[in-house]
1. Would you check which residues across segment 100-123 are assigned to a helix (DSSP H, G or I), within 11 Å of the chain's Cα centre (by Cα) and either closer than 17 Å to ASP48 by Cβ or of a type in the set (Lys, Arg) (or both) and list them?
2. Collect the residues in segment 138-167 that are open to solvent by less than 50 Å² (accessible area, probe 1.4 Å) and of a type in the set (Val, Ile, Thr), keeping them in residue-number order.
3. From ARG65, ARG41, ARG90, which residue is modelled with pLDDT under 95, basic (Lys, Arg) and open to solvent by 60 Å² or more (accessible area, probe 1.4 Å)?
4. Based on this model, can you work out whether GLU120 counts as open to solvent by less than 50 Å² (accessible area, probe 1.4 Å) and either of a type outside the set (S, T, N, Q) or touching a residue at least 60 places away in the same chain (Cβ under 8 Å) (or both)?
5. Considering every residue within segment 130-137, establish whether at least one is open to solvent by less than 50 Å² (accessible area, probe 1.4 Å), closer than 16 Å to GLU16 by Cβ and touching a residue at least 24 places away in the same chain (Cβ under 8 Å).
6. Restrict the check to segment 61-70 and report whether at least one residue is touching a helix residue (DSSP H, G or I) at 6+ places or on another chain (Cβ under 8 Å), charged (D, E, K, R) and farther than 18 Å from GLN137 by Cβ.
7. For residues that are in a helix (DSSP H, G or I) and over 26 Å from LEU30 (Cα atoms), scanning just segment 68-87, find the one that is most open to solvent (accessible area, probe 1.4 Å).
8. Would segment 100-110 turn up any residue that is over 30 Å from PHE156 (Cα atoms), surrounded by 12 or more Cβ atoms within 10 Å (Cβ to Cβ), of a type in the set (Phe, Trp, Tyr) and touching a helix residue (DSSP H, G or I) at 6+ places or on another chain (Cβ under 6 Å)?
Amino acid sequence: VENALQEHRIDLGMVEGIIRLPNLKYTTFLEDELVAVVHTRSKLAKLDEITVDELRKIPLVLRERGSGTLDVLETSLLFHNIKLSDLNVRMYLGSTESIKLFLENTDCMGVVSVRSIARELAAGLFKVVEIKDLEVQREFSFARLQGEESGLSQVFIQFASHYNKKL
């Protein structure tokens, strides 16, 4: 997204994570939290809370390398001196939806946006397992070139900001 902005292929993008380029202007849109989640039919559903050390042993399914989601998780784990290679990652998948589908049929734990599983939590399909002393926060921001604010981009940002409480 940031490359497309710099190459003038798009006027506005939405990004997550912590990489910031000096020639782009970022406007925070909303904050999000990544949570550990299991399917309620999983053997892991008996867990309510685990430690960061226990996380090392649990079979995990995570977003693919290069994704902002994985970058944010990796950064949070590094505060506990844990690298991705220390974890029992069974699979890296390209979307949150594929992780949710994978979790329906395995005894693995996933790490996804709490916003992305709201419906499944309400329906009792998934359960959040707390990881003691580990908070994985991220923010989504609009990104655009410095000094280039098109009217349409600005109107969209105002529209989205007005309705972001429903997200």
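The values are calculated or read from the model by the stated rules, or taken from the named source; none is laboratory data. Just so you know, these numbers come straight off a predicted model, no measurement behind them. Because the Cβ atoms are built from the backbone with ideal geometry, glycine has one as well, and the counts that use them run over all protein chains shown. Please note that ligands, DNA and RNA were not included when accessible areas were found on the heavy atoms of the full protein model with its side chains. Shrake-Rupley method; radii C 1.70, N 1.55, O 1.52, S 1.80 Å.
1. Here is the first cut: in segment 100-123, the residues assigned to a helix (DSSP H, G or I) are 100-103, 114-122.
Still in the running and within 11 Å of the chain's Cα centre (by Cα): 114-116.
Correct list: VAL114, ARG115.
2. Scanning segment 138-167 gives a single hit, ILE157.
3. ARG65
4. Answer is yes for this residue.
5. yes
6. Yes, there is a match, as at least one residue in segment 61-70 is touching a helix residue (DSSP H, G or I) at 6+ places or on another chain (Cβ under 8 Å), charged (D, E, K, R) and farther than 18 Å from GLN137 by Cβ.
7. We begin by selecting, within segment 68-87, every residue in a helix (DSSP H, G or I); these are 68-78, 84-86.
From what is left, the residues that are over 26 Å from LEU30 (Cα atoms) are 84-86.
Values: LEU84: 8, SER85: 94, ASP86: 56 Å².
Top of the filtered list is SER85.
8. Checked segment 100-110: no residue is over 30 Å from PHE156 (Cα atoms), surrounded by 12 or more Cβ atoms within 10 Å (Cβ to Cβ), of a type in the set (Phe, Trp, Tyr) and touching a helix residue (DSSP H, G or I) at 6+ places or on another chain (Cβ under 6 Å).
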